[in-house]
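All remarks here apply to the structure that follows.
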Amino acid sequence: MANTIAVLGMGPGSEDYLTPAAAKYLSEAQVLVGASRLLSTFARPGQQCYPVNANLKEAVQFIKEKSRDYRVAVLVSGDTGLYSFASYLTRHLDENQLKIIPGISSVQLMFARLKKPWEQAVIISMHGRSNSEIVELVKKGRLVAVLTGRENTPRSIACWLLSEGCPNAGVKVGCNLSYENERIYSGRLSDLCRCSDDFSNSVMVIGDV
Ligand SMILES: C[S@@+](CC[C@H](N)C(=O)[O-])C[C@H]1O[C@@H](n2cnc3c(N)ncnc32)[C@H](O)[C@@H]1O
């Protein structure tokens, strides 16, 4: 009988935001699978590590094979239910074999940093995908949280929204949330469009918060 595969929401990245439930599964795991950023923070000596790249099929095959003999934990960033590798795994592995442990999302931490509620926010991912729905939302003045990516950076999204005729809304960018080099940028879309700072690993909040 194959072992349970634990899919762990690791929070935004620093150990401070790891839940005790995820920490328990993490410490018991013999094999860890996940993004290099998470493996380099959380792997302990003796744990075999498999960094996930774009080849998700190959990662699933590795997880299936290893789970026959070992306790495997898959580390995903933030929460397992928000634009996560976890949903791919539920479609490609036997659900009965999976244990899903939720985590603190980068979006949750961003709103906590802004000291604002987020029940009215629309959450959009532009991480590895485009989403034109965001234009209408910003035009309507909705509060929008955006997961950004390598191609769709906060700056390129700000310039694009303005070129699509969006108002010059307020914008906040939470960069490297929970890490020592965390930074919150605050301005308007036009300021961000002109800004040359590095905003890798960022969440944007558009709207006057
Ligand atoms: C594939 S999505 C996963 C989102 C994740 N499931 C969550 O709940 O935060 C990855 C994106 O999440 C955001 N993100 C993850 N960790 C972050 C952090 N520490 N600081 C800022 N943004 C982060 C970035 O927009 C990143 O491109």
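Points to keep in mind about this one:
- Those residues of segment 101-151 which are among the charged types (D, E, K, R) and within 17 Å of Ser84 (Cα to Cα), in sequence order: Arg129, Arg150
- Yes/no for Asn168 being outside the structural domain of Ile63 (by TED's automatic domain parsing), more than 29 Å from Met10 (Cα to Cα) and in a loop (DSSP other than H, G, I, E, B): yes
- Checklist (1) in a helix (DSSP H, G or I); (2) buried (at least 19 other Cβ atoms within 10 Å of the Cβ); (3) away from the ligand (no atom under 12 Å from the Cβ); (4) small (Gly, Ala, Ser) applied to Ala73, failing item: (1)
- Being among the hydroxyl-bearing types (Ser, Thr, Tyr), near the ligand (Cβ under 8 Å from one of its atoms) and either over 18 Å from Gln30 (Cβ atoms) or in the same structural domain as Tyr25 (by TED's automatic domain parsing) (or both) is true of Ser106.
- Taken over segment 76-103, the criterion of being assigned to a helix (DSSP H, G or I), out of contact with any helix residue (DSSP H, G or I) (no Cβ under 9 Å at 6 or more places or on another chain) and either within 12 Å of the ligand (Cβ to nearest atom) or within 16 Å of Leu38 (Cα to Cα) (or both) is satisfied by Ala86, Ser87.
- Selection status of Ala112, within 13 Å of the ligand (Cβ to nearest atom) and more than 15 Å from the chain's Cα centre (by Cα): yes
- Output for segment 1-40, where each listed residue is exposed (fewer than 15 other Cβ atoms within 10 Å of the Cβ) and part of a helix (DSSP H, G or I): Glu15, Asp16, Pro20, Lys24, Ser27, Glu28, Ser36, Ser40
- Residue list for segment 105-118, restricted to those being in contact (Cβ under 8 Å) with a residue 24 or more places away in the chain and part of a loop (DSSP other than H, G, I, E, B): Ser105, Lys116, Trp118
- Only residues that are without any contact (Cβ under 8 Å) to a residue 40 or more places away in the chain, of a type outside the set (D, E, K, R) and surrounded by fewer than 14 Cβ atoms within 10 Å (Cβ to Cβ) were counted across segment 138-166, and they come to 2.
- Members of segment 119-154 found to be more than 11 Å from the ligand (Cβ to nearest atom), in contact with a helix residue (DSSP H, G or I) (Cβ under 6 Å, 6 or more places away or on another chain) and outside any strand (DSSP E or B), listed by number: Val138
- Check on Leu56, crowded, with 16+ Cβ neighbours inside 10 Å and outside the structural domain of Ser178 (by TED's automatic domain parsing): no
The values are calculated or read from the model by the stated rules, or taken from the named source; none is laboratory data. Computed from a predicted structure; not experimentally measured. Counting neighbours? That spans all protein chains shown, and the Cβs are built from the backbone with ideal geometry, glycine included.
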